[in-house]
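Undergrad: I have a structure here, written as structure tokens, and I will follow up with some questions on it.
The values are calculated or read from the model by the stated rules, or taken from the named source; none is laboratory data. Just so we're clear, the structure is a prediction, and the values are computed from it rather than from any experiment. Here the Cβ positions follow ideal geometry from the backbone for every residue, glycine too, while neighbour counts run over all protein chains shown.
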Amino acid sequence: MTIFSKLVGSRKQSPIGKLSLAIVAGALACGRATKSLLQFETEEERERQFVYVCFEFLYFFLHMTLRYAHAQLDSRQRKNLQTELGPLVVLPMIDAFFNHWPEDLKRGMVAEFYQKINDAEREYATCTEVISEDNPIAANALFSKLTRNVLKLSGDSPIDIAKFMVPYGASIQAWKDMHLDKHIEKVRKTL
């Protein structure tokens, strides 16, 4: 058992632990759903980009979690949520892809991971709507921005509507299945 698994293991059954599992599971499921879109010459390149795609989904679902938290939690609770949730999603994602790496290298990835989360948070925060009913590829809709980011990471064009619908549909379904509002309500009682 790695140090990361030990840190996360004790929180799995708590409301925040269940929230973190939903976020990580959703990100990985979306990554798997879009893996066939990866357009790279070698398997090594495809695997590397697959990791980036899964991480992008994670960043997005963390952003969505914070949107729900903003509506249901006060500022102290939101700060506590971010403090507790971070390691519960970052460490399992690093373990999922880099479990075979030495612990010191994985620890070094954590700071970079948090920086990427912050960058994605700023990017997704610019969106003015969640889903655009009129134009799924709208620049100001969250799921559209996510989909364009995923397609860029996949080496594909965000203009191909058939390919666009794969990550778009997978992410909307995962988001619905997460029931973030219910998770945040349960977490609210513990913060």
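Undergrad: Looking only at residues in segment 155-178 that are closer than 19 Å to Y68 by Cα and without any contact (Cβ under 8 Å) to a residue 40 or more places away in the chain, which one is surrounded by the most Cβ atoms within 10 Å (Cβ to Cβ)?
TA: Among those that are closer than 19 Å to Y68 by Cα and without any contact (Cβ under 8 Å) to a residue 40 or more places away in the chain, it is Q173.
Undergrad: Hey, any hits in segment 123-141 for a residue that's out of contact with any helix residue (DSSP H, G or I) (no Cβ under 9 Å at 6 or more places or on another chain), exposed (fewer than 14 other Cβ atoms within 10 Å of the Cβ) and in a helix (DSSP H, G or I)?
TA: Among the residues of segment 123-141, not one is out of contact with any helix residue (DSSP H, G or I) (no Cβ under 9 Å at 6 or more places or on another chain), exposed (fewer than 14 other Cβ atoms within 10 Å of the Cβ) and in a helix (DSSP H, G or I), which makes the answer no.
Undergrad: Continuing with this model, one more query. Would you check if K152 is modelled with pLDDT of 95 or more, surrounded by fewer than 18 Cβ atoms within 10 Å (Cβ to Cβ) and within 16 Å of F57 (Cα to Cα)?
TA: For K152, the condition - modelled with pLDDT of 95 or more, surrounded by fewer than 18 Cβ atoms within 10 Å (Cβ to Cβ) and within 16 Å of F57 (Cα to Cα) - is not met.
Undergrad: Please pick out the residue among L37, L62, L19 that is more than 16 Å from K182 (Cα to Cα) and not hydroxyl-bearing (S, T, Y).
TA: Matching residue, one of L37, L62, L19: L37.
Undergrad: Could you please find all residues in segment 155-181 being more than 18 Å from the chain's Cα centre (by Cα) and either small (G, A, S) or at pLDDT 95 or above (or both)?
TA: Of everything in segment 155-181, those that are more than 18 Å from the chain's Cα centre (by Cα) and either small (G, A, S) or at pLDDT 95 or above (or both) turn out to be G155, S157, A162.
Undergrad: Related question: What residue, among those in segment 41-93 that are of a type outside the set (D, E) and not in a helix (DSSP H, G or I), is surrounded by the fewest Cβ atoms within 10 Å (Cβ to Cβ)?
TA: My answer is T42.
Undergrad: Quick check on F113: is it under 17 Å from A27 (Cα atoms) and at pLDDT 90 or above?
TA: Spelling it out, it is not the case that F113 is under 17 Å from A27 (Cα atoms) and at pLDDT 90 or above.
Undergrad: Name every residue in segment 142-170 that is part of a helix (DSSP H, G or I) and either under 21 Å from G17 (Cα atoms) or among the β-branched types (V, I, T) (or both), in order of residue number.
TA: T147, V150, I161, V166
Residue by residue, here is whether (1) over 20 Å from the mean Cα position of the chain (by Cα); (2) free of Cβ contacts under 8 Å to residues at least 60 places away in the same chain; (3) over 20 Å from G86 (Cβ atoms) holds:
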{"residue": "E103", "(1), (2), (3)": "yes, no, no"}
{"residue": "K106", "(1), (2), (3)": "no, no, no"}
{"residue": "M109", "(1), (2), (3)": "no, yes, no"}
{"residue": "E112", "(1), (2), (3)": "no, yes, no"}
{"residue": "I117", "(1), (2), (3)": "no, yes, no"}
{"residue": "I131", "(1), (2), (3)": "no, yes, yes"}
{"residue": "N135", "(1), (2), (3)": "yes, yes, yes"}
{"residue": "K145", "(1), (2), (3)": "no, yes, yes"}
{"residue": "N149", "(1), (2), (3)": "no, no, yes"}
